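Below is one structure, written out as structure tokens, with a few remarks after it.
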Amino acid sequence: MTTLELLSEAVASGKSKDAKALVQRALDEGTAPVEIVDRALVPAMASVGEQFKNNLIFVPEMLIAARAMKEAMSLLEPKLLAAGITPKYTAVIGTVQGDLHDIGKNLVAIMWKGANFRVIDLGTNVSPAKFVAAVVEHKAQLVGLSALLTTTMPAIVETVKAIRGGVGQAVKIMVGGAPVTQQFADEIGADGYAPDAGSAVDRAQALVGAA
Ligand code: B1M
């Protein structure tokens, strides 16, 4: 098995210590941090999701896997961040109300920071009012809404409405997360959608005019 395969397996089975050691080994072997994320960590969580869907594992196992993913990311995050010139653009990001999933949102935040955005991360279960307040307070050019549950997609709609009601078109809104699609983004009047953290960077730069 390759290091990335072993890493994927360690994260999926929630072995945090092994996961960290294997991230370090992959880095020592010269694997690019973004490749470690794309080829080992993201597939590990996809596999966890499949197993959960098929009742092979349950919430505690998902939590343990998520913790291993975070441990692995803690080594990679500093490497994903570009050496900082002062960020020109500010982005607010959060997971919408009712939704506690944050791994994908955290990845997008890291990638945005790496692309030299100042990122204000509001965390999970964020109310529409809190998004609006943060956009105003930080004079953000971009706001990112993440949702992982079909049941929290309506919270995206509510948040978009609240932001438009609060600051109009003054901020660009990007939406994403597993159940979200380009069609949904278009229907609810968001400015952008990205299917993954990599394309979230290109989309963000295009939206604020930095591309
Ligand atoms: Co939950 N969960 N979960 N879960 N969980 C899913 C999402 C699920 C698909 C699993 C399944 O059934 N196969 C399912 C949702 C079904 C549905 O709605 N259709 C589900 C469920 C049902 C639940 C609970 C209801 C379970 C329960 O309690 N009975 C519960 C809900 C809690 C709540 O939020 N209120 C729950 C809880 C949890 C844990 C807390 C145990 C844990 C989350 C821990 C954490 O995040 N800190 C968890 C996990 C880990 C998952 C899975 C296994 C993995 C999610 C993940 O981190 N993926 C997930 C199954 C799956 O996704 N395959 C599942 C990896 C991550 C890198 O991908 O988040 O998609 P993702 O992010 C991607 C893109 O989507 C995109 O870029 C990211 C990187 O490429 N992206 C954006 C994300 N946000 C973006 C924003 C953007 C742009 C792109 O712009 C702003």
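Values quoted throughout were computed directly from the atomic coordinates according to the rules given, and no laboratory measurement underlies them. Quick caveat, the model's predicted, so the values are computed rather than measured. Backbone-built Cβ (ideal geometry, glycine too); neighbour counts: all protein chains shown.
Taking label points 7 Å from Cα along the Cα-to-Cβ direction, Val136 and Gln169 give a separation of 2.2 nm.
So how tilted is helix 3-12 from the main axis of the chain? Cα-based, degrees 0 to 90, rounded to 10. Once rounded, one gets 70 degrees.
What is the helix-to-structure angle for 16-28, meaning the angle in degrees between its Cα long axis and the longest Cα principal axis of the chain, kept from 0 to 90 and rounded to the nearest 10? Rounded to the nearest ten degrees, it is 90.
Note on region 96-194: dipole from Cβ charges, positive end direction compared against Ile120, Leu107, Val180; the farthest Cα belongs to Ile120.
The helix-based estimate of mean residue ellipticity at 222 nm for the chain, built from -39,500 (n - 2.57) per DSSP H run of four or more residues and divided by its residue count, is -17000 deg cm²/dmol to the nearest 500. Pairs of alpha carbons in the chain separated by more than 21 Å make up 53% of all such pairs. Return, ordered by residue number, the residues of region 138-171 whose backbone nitrogen is under 17 Å from a label point located 7 Å along Cα→Cβ of Asn55. Label zone hits: none.
Expressed as a fraction of 2.2 N^0.38 Å, the C-alpha radius of gyration for region 6-120 is 1.12.
Could you give the dipole magnitude of the chain about its Cα centre, charging the beta-carbon of Lys and Arg +1 and that of Asp and Glu -1, in debye to the nearest 20?
Computed charge dipole of the chain: roughly 580 debye.
Here region 106-211 is treated as an ellipsoid with the same Cα gyration tensor; its semi-axes, largest first and in whole Å, are 18, 16, 13. Other residues within the sphere of radius under 12 Å centred on the Cβ of Ser74, judged by their own Cβ, net out at +2 (K and R +1, D and E -1). When the alpha carbon gyration tensor of region 113-158 is reduced to an equivalent ellipsoid, the three semi-axes, largest first, read 20, 13, 8 Å.
May I ask for log10 I(q)/I(0) of region 69-167 at q = 0.15, 0.18 Å⁻¹, from a Debye sum over the Cα atoms as equal point scatterers with solvent left out? Debye curve over Cα of region 69-167, log10 I(q)/I(0) at q = 0.15, 0.18 Å⁻¹: -0.60, -0.82. Taking Cβ atoms as reference points and 11 Å as the exclusive limit, the residues near Ala170 contribute a net charge of +3, counting Lys and Arg as +1 and Asp and Glu as -1. Would you mind telling me which residue in Ala147, Ala185, Ala129 has the biggest mean-square fluctuation in a Gaussian network model of the chain, where springs connect alpha carbons within a distance under 10 angstrom? Answer for the Gaussian network model of the chain: Ala129. Note that region 162-211 carries a Kirkwood radius of 11.3 Å, evaluated over its alpha carbons pair by pair. Working note: Debye formula, equal point scatterers on the alpha-carbon atoms of region 84-133, no solvent; log10 I(q)/I(0) at q = 0.22, 0.28, 0.32, 0.33 Å⁻¹ is -0.76, -1.01, -1.15, -1.18.
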